[in-house]
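The values are calculated or read from the model by the stated rules, or taken from the named source; none is laboratory data. In this text the structure is predicted, and so the values were computed from the model without any measurement. Here Cβ is always computed from backbone atoms with ideal geometry, including for glycine, and neighbour counts include all displayed protein chains.
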Amino acid sequence: MNTQDWTGWQRAVIKIGSALIAPNGCEVSGQFILPIAKFINDARAQGKEVILVSSGSVAAGRNEIKCHNQGVTIAEKQAMAAIGQTKMMANWQRFFDVSCAQLLITHGDLRDRRRYVNIKNTIRELLANNIIPIINENDTVATEELKVGDNDNLAALVALICDADILFICSDINGLYNADPKTTPSAELLPIVDEINAAIYALAGDTQNKIATGGMITKLQAAEKTTNNGIHTFIVNGKTENTFSKLSDKEHVGTWFKAVHNKDTAKKQWLKYTLHASGKIVIDEGAKTALLGNGASLLAKGVVSTQGNFIRGEAIDIEYNNEIIARGLSQYSKSELDLIAGKDSAKFESILGFKHKEEIIHRDDLVLFNS
Ligand SMILES: Nc1ncnc2c1ncn2[C@@H]1O[C@H](COP(=O)(O)OP(=O)(O)O)[C@@H](O)[C@H]1O
Ligand SMILES: N[C@@H](CCC(=O)OP(=O)(O)O)C(=O)O
């Protein structure tokens, strides 16, 4: 898409925060859903495609679980999500004549390349069959190390999977302000953000709402992922009545984070934004020059040391001079790599008794940061 014009979008991901599903902090309500559903129906009537990422399952199930502690336990929250998810889905379905489909996913699903491709294919099939995919994190199964953790980042990852043109993050606030308006009433709205940098992150605070997750910080993380991959992103107020009629009329509303063009391939997007590194290797100057200057694969010869605990096929970060410069999929486990670091690949068989590949990370499995 053109970086200066968002209005020609064909495929959108729309993320709905808990406050819009459960304005009273529990159960579900159609109050703020109706104008969003109308926007979606109008867009679909024009041949556009919409994928929803909806929060609200925990809030929707809140009243049905007796909480014994002062704070809510993880098990109590997961039980709330299990009950609330069906309520949230039913709440959406009543606004559409076509079927809604439920997809519950975790970070564990997204970082597995095969499952990632399955999710992509399923969404593609649902859209082709005129169905509205509604995605939420699978809160009932997600453990700390398996979850995305918030639906802003999940929505950004979904936008990347679906190759969306635009992401609308619908919250209870008009957009990004220069301070949290809930604590600083004089704060001012930023209508356009060209680049998400440290100064922009410095404006963002956490949420004040006990049923929500992440506040403005996770929204910026999401917008950084999407805009760097050519996806325009808006934060808009889903509680304001005319937000969606304005968007339908192609009027700017809220904060627009402009797309930045980037030539990353789908696989490189997945490497850069979806995977968590399981370990780290430090490389020497020769290897750094080969990676950054010549677009080469990483050879064992240039590996100085390893950290973490990774197996073959897992993502690892590559560090030079105390800076992470790249990430890639390792052809060797940490214990194997410790034995062959600094060695020529001709010696792999005599050291390990086998050789998976000449290179430690093939350049096709490698993504450079700051490129
Ligand atoms: N700089 C900021 N601009 C706007 N909102 C901010 C800012 N910093 C923190 N916030 C908070 O982020 C909240 C929105 O995030 P959150 O409560 O997690 O909503 P959602 O459920 O829609 O994800 C706002 O209501 C506001 O209190
Ligand atoms: N998956 C959780 C929502 C997590 C989340 O990010 O909430 P929110 O900040 O309201 O978008 C749920 O359905 O309750």
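Condition first: modelled with pLDDT under 95 and in contact with a Cys (Cβ under 8 Å, 6 or more places away or on another chain). Now tell me which residues in region 63-120 satisfy that.
Asn63, Thr73, Glu76, Lys120
Have a look at Gly30, Gly25, Gly56 and point out the one that is away from ligand 1 (no atom under 16 Å from the Cβ), in the same structural domain as Cys100 (by TED's automatic domain parsing) and in contact (Cβ under 8 Å) with a residue 40 or more places away in the chain.
The match here is Gly30.
How many residues, within region 68-115, are outside any helix (DSSP H, G or I) and more than 20 Å from Glu144 (Cβ to Cβ)?
So the answer is 12.
Out of everything in region 205-231 that is in a loop (DSSP other than H, G, I, E, B), touching a residue at least 12 places away in the same chain (Cβ under 8 Å) and near ligand 1 (Cβ under 9 Å from one of its atoms), what residue ends up being surrounded by the fewest Cβ atoms within 10 Å (Cβ to Cβ)?
Checked region 205-231; the qualifying residue surrounded by the fewest Cβ atoms within 10 Å (Cβ to Cβ) is Gln208.
Taking Phe354 and the conditions (1) over 23 Å from Glu285 (Cβ atoms); (2) surrounded by 15 or more Cβ atoms within 10 Å (Cβ to Cβ); (3) among the aromatic types (Phe, Trp, Tyr), which numbered condition does it fall short on, given that it satisfies the others?
Tallying (1) over 23 Å from Glu285 (Cβ atoms); (2) surrounded by 15 or more Cβ atoms within 10 Å (Cβ to Cβ); (3) among the aromatic types (Phe, Trp, Tyr), Phe354 fails exactly one: (2).
List the number of the failed condition for Ile132; all other conditions in (1) more than 14 Å from Glu49 (Cα to Cα); (2) at pLDDT 95 or above hold.
The number of the failed condition is (1).
Of all strands (runs of 3 or more DSSP E) completely enclosed by region 260-352, which ones contain at least 3 residues that are over 27 Å from the mean Cα position of the chain (by Cα) and over 22 Å from Glu145 (Cβ atoms)?
Qualifying strands (runs of 3 or more DSSP E): 303-308.
If I ask for residues that are within 14 Å of ligand 1 (Cβ to nearest atom) and either in a loop (DSSP other than H, G, I, E, B) or touching a strand residue (DSSP E or B) at 6+ places or on another chain (Cβ under 6 Å) (or both), which ones from region 137-150 would you list?
If the condition is that a residue be within 14 Å of ligand 1 (Cβ to nearest atom) and either in a loop (DSSP other than H, G, I, E, B) or touching a strand residue (DSSP E or B) at 6+ places or on another chain (Cβ under 6 Å) (or both), then Val148, Gly149, Asp150 are the ones that fit.
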